[in-house]
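Worksheet for the structure shown next.
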Amino acid sequence: MNDLTPNSETPILEGEDLRKTYRLGRVKVPVLHGASVSIQEGEWVAILGASGSGKSTLLHLLAGLDKPDLDSGDIRYRGSKVELQNGGETNHYRNRTIGFVFQFYHLLPELDVLENGMLANLVPRGRKSGILILVMALIGAVIGAWLGLLAAGDWGLLPLEERTPIRSIVLSGACAVIGSGTMIVLIQMVQAVILRTRMRSGEAADVARSTLGDFGLGQRYRHRPRELSGGERQRVAIGRALGSDPDLLLADEPTGNLDERTGTEILELLKKKHEKGLTIVMVTHDPKVAEYANRVVRLKNGRVVSDSVQNSVVGEMPSLDEGHETFS
Ligand SMILES: Nc1ncnc2c1ncn2[C@@H]1O[C@H](COP(=O)(O)OP(=O)(O)O)[C@@H](O)[C@H]1O
Ligand SMILES: [Mg+2]
């Protein structure tokens with residue numbers, strides 16, 4: 001985890017009075033009606049609720065993947081409001097502070113296990129990449145325009161009798177567009193080569209090898225996601241989420257697509273990470289899965305209806321104090 005000074009008073013992550021309304025054309029779909037949740041460093045919190053109760057929406061807001069309504073409250077990380085503008089700081093929060101695990105893994109099929117595992121560490125840091133492309137495109141346009149003028153003039157591309165200012169400008173403009181396009185393609189090719197090189201060697205590869213090795217995937221680095229079982233894919237996805245050494249892991253139904261035995265393997269793996277200090281927020285519809293957590297926040301129709309500490313964890317007898325209602 002990173003080395004910001006932990007403060008046991010200030011929650012590591014808070015969502016206060018979160019509201020979210022989706023809009024489908026003119027139809028408003030209110031999903032969260034002022035949900036609040038507060039996570040202390042080192043906790044494993046389960047957000048438990050029926051399908052459609054707004055769990056994924058809440059987790060996406062906490063992760064900065066979506067914005068709450070304008071009249072909504074705030075999301076705070078270590079006491080500071082998370083500003084969800086597009087920019088380096090927000091990208092840093094999404095990519096490095098938070099590790100996110102999706103129910104359906106969302107691995108990139110054309111990348112192998114190791115490359116997928118490295119992704120979080122290879123995401124461009126902030127705005128620099130966009131600015132570089134813009135500057136290079138402008139340089140390409142200027143060079144193109146200049147070559148266009150030369151072509152129209154001294155190089156004699158336009159015969160003397162056809163040479164008019166308008167034609168020269170049109171030729172120069174066309175060359176400017178071609179120049180800036182060529183530059184964008186070139187810079188992207190260079191970035192792809194650099195990315196490949198960083199993938200094969202570099203720190204990102206070492207981190208991914210170590211994490212994925214710990215997850216029992218040491219023999220599978222060169223396999224593509226389609227060659228893996230569901231449990232293995234989810235392990236790669238968790239490895240990817242942990243690859244940037246995030247402060248918190250947010251997991252949306254991490255076992256929701258797995259059979260019970262494989263799901264238990266994944267939960268045991270999360271348990272080991274939690275025991276080593278990882279803060280986890282996990283969404284689930286399954287009270288049995290929630291038993292792994294230290295605290296269960298129940299969500300019903302977009303509202304938090306209960307918040308109870310429990311003595312985790314499985315291995316002992318389950319002890320959810322409010323009984324085992326079954327969600328579907
Ligand atoms: N992008 C969206 N646009 C419109 N409605 C959505 C969108 N995402 C989710 N919803 C609706 O919001 C409600 C809650 O969704 P979700 O947060 O995914 O619930 P859960 O994860 O608890 O199953 C559902 O009724 C769902 O149909
Ligand atoms: Mg969901």
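The values are calculated or read from the model by the stated rules, or taken from the named source; none is laboratory data. If you're wondering where the values come from, they're calculated on a predicted model, not measured in any experiment. Note that each Cβ is placed from the backbone with ideal geometry, even for glycine, and that neighbours are counted across all protein chains shown.
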Restricting segment 213-246 to residues that are touching a strand residue (DSSP E or B) at 6+ places or on another chain (Cβ under 7 Å) and outside any helix (DSSP H, G or I), the one nearest to ligand 1 (Cβ to nearest atom) turns out to be P246
Mind checking which pairs have a first residue in segment 244-261 that is in the same structural domain as F104 (by TED's automatic domain parsing) and at pLDDT below 90 and a second that is in a loop (DSSP other than H, G, I, E, B) and β-branched (V, I, T), Cβ under 8 Å, 6 or more apart or different chains? S244/V123
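Just for segment 206-220: of the residues that are touching a residue at least 40 places away in the same chain (Cβ under 8 Å) and closer than 20 Å to G99 by Cβ, which one is surrounded by the fewest Cβ atoms within 10 Å (Cβ to Cβ)? Quick ask: steps written out before the conclusion?
So in segment 206-220, the residues touching a residue at least 40 places away in the same chain (Cβ under 8 Å) come out as 207-209, 211-212, 215, 217, 220.
Then keep just the ones that are closer than 20 Å to G99 by Cβ; that gives 207-209, 211-212, 215, 217.
On the way: V207: 19, A208: 29, R209: 17, T211: 22, L212: 25, F215: 22, L217: 21.
Among them, the one singled out is R209.
Kindly indicate which of N95, N116 is outside the structural domain of G277 (by TED's automatic domain parsing) and under 24 Å from H274 (Cβ atoms).
On the way: N95 fails: outside the structural domain of G277 (by TED's automatic domain parsing).
Selected residue: N116, the only one of N95, N116 that is outside the structural domain of G277 (by TED's automatic domain parsing) and under 24 Å from H274 (Cβ atoms).
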Answer yes if at least one residue in segment 233-251 is acidic (D, E), farther than 25 Å from L61 by Cβ and away from ligand 2 (no atom under 16 Å from the Cβ), and no otherwise. no
From (1) under 27 Å from H33 (Cα atoms); (2) over 19 Å from the mean Cα position of the chain (by Cα), pick out the condition that doesn't hold for T264. (1)
Can you tell me which condition V185 does not meet? The list is (1) more than 30 Å from Y221 (Cβ to Cβ); (2) at pLDDT below 85; (3) assigned to a helix (DSSP H, G or I), and all the others hold. (2)
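Here's a check for you: in segment 112-136, which residue that is more than 17 Å from the chain's Cα centre (by Cα) and closer than 14 Å to G243 by Cβ is modelled with the highest pLDDT? Walk me through it before giving the result.
Our first condition is that a residue be more than 17 Å from the chain's Cα centre (by Cα); within segment 112-136, this holds for 112-114, 128-136.
Within this subset, residues satisfying the condition of being closer than 14 Å to G243 by Cβ are 113-114.
Numbers: V113: 93, L114: 90.
Looking at residues that are more than 17 Å from the chain's Cα centre (by Cα) and closer than 14 Å to G243 by Cβ, I get V113.
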Look through segment 154-182, keep the residues that are part of a helix (DSSP H, G or I) and of a type in the set (G, A, S), and return whichever of them is modelled with the lowest pLDDT. S168
Only one of L61, L18, L111, L65 that is part of a loop (DSSP other than H, G, I, E, B), within 13 Å of ligand 1 (Cβ to nearest atom) and touching a residue at least 24 places away in the same chain (Cβ under 8 Å): L65
Please tell me if T90 is more than 16 Å from ligand 2 (Cβ to nearest atom), more than 14 Å from T279 (Cα to Cα) and either at pLDDT 95 or above or not assigned by TED's automatic domain parsing to the domain that holds D247 (or both). no
Is segment 256-279 home to any residue that is in contact with a strand residue (DSSP E or B) (Cβ under 6 Å, 6 or more places away or on another chain), within 16 Å of ligand 2 (Cβ to nearest atom) and within 19 Å of T211 (Cβ to Cβ)? no
Between a residue in segment 146-158 that is assigned by TED's automatic domain parsing to the domain that holds V177 and any residue that is of a type in the set (S, T, Y), which pairs come within a Cβ distance under 6 Å, given they are 6 or more apart or on different chains? G148/S172; L149/S172; A152/S168
Could you list, in sequence order, the residues of segment 246-284 that are at negative phi and of a type in the set (G, A, S)? A251, G256, G263
Name every residue in segment 41-72 that is crowded, with 17+ Cβ neighbours inside 10 Å and either over 18 Å from the mean Cα position of the chain (by Cα) or aromatic (F, W, Y) (or both), in order of residue number. E41, E43, W44, V45, A46, I47, L48, G49, S53, G54, S72
